[in-house]
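K.L.:
Below you will find the structure I want to go over with you.
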Amino acid sequence: MRVRSVINQTMTAIVASIVLATAMPAVAHAQLVDFLWGGDQEWGGKRSSVSFSQKYRPGQVIVSFGDRRLYLITKPGTALSYPIAVPREQSRWQGRLNVTQKRENPSWTPTREMLSENPRLPAWVPGGHPMNPLGVRALYLGSSTYRIHGTDAPWTIGQAVSKGCIRMFNEDVLDLYPRVPVGTVVTVTWERFKTGAAMVDNDTAAPPPSARRVVTYGRKGEVVTRTVAVE
């Protein structure tokens, strides 16, 4: 009986070890998905209407890399708030541009920088393709390569992963697209906003310490890009 009891205990321990080992990858995968998705209140969430600073006029677009949100001012003191993916550290920038063109189901061509980082990227992806990185809509900013666009990777929304563009859920860019005509002013900033109180959070307004690119318009409308060191 004692031998049988020892055998039973040993078998139970072995089975428990196998179950635990099998479950761990699933748990790790779930944690990874949760991390990449970013859908909490700080770095993600859903489209919503929020109170906002009244210094901005209706129709303006404010992209806050600090909040990881895009704000469309709908009326004085009110904005539509959309979750976005923001640039990675080495691709940070800020500035004030206009929407110069809009495209439905845009095609995608990687830049030289993208190809140098990943030579296996396709040379071109047609519009409407399910793996098109620009998603279903794109709004082009000035004469730069920056865009507000959809994505084929919705799990990246809320993360700092882009090469400089502003990524949105496809359903959100579909909502934004008809609301933003060509010529709309788009202010891109690292400033963070307390949307509930419509006040700027001065404690967190500055971007993280790094070099950043500042994009502005010159006298003749050309885009001027310069790198600024942030202390």
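The values are calculated or read from the model by the stated rules, or taken from the named source; none is laboratory data. All of these numbers come straight from a predicted model, not from anything done at the bench. All Cβ positions, glycine included, derive from the backbone under ideal geometry; neighbour counts span all protein chains shown.
K.L.:
Check segment 93-102 and report whether any residue there is hydrophobic (A, V, I, L, M, F, W, C), within 16 Å of residue 188 (Cβ to Cβ) and not in a strand (DSSP E or B).
P.N.:
No: zero hits.
K.L.:
Is it the case that segment 108-119 has a residue that's assigned by TED's automatic domain parsing to the domain that holds residue 179, over 26 Å from residue 192 (Cβ atoms) and assigned to a strand (DSSP E or B)?
P.N.:
Within segment 108-119, one or more residues are assigned by TED's automatic domain parsing to the domain that holds residue 179, over 26 Å from residue 192 (Cβ atoms) and assigned to a strand (DSSP E or B).
K.L.:
Considering only strands (runs of 3 or more DSSP E) fully contained in segment 145-194, which possess at least 2 residues that are closer than 30 Å to residue 116 by Cα and small (Gly, Ala, Ser)?
P.N.:
Those strands (runs of 3 or more DSSP E) span 160-162.
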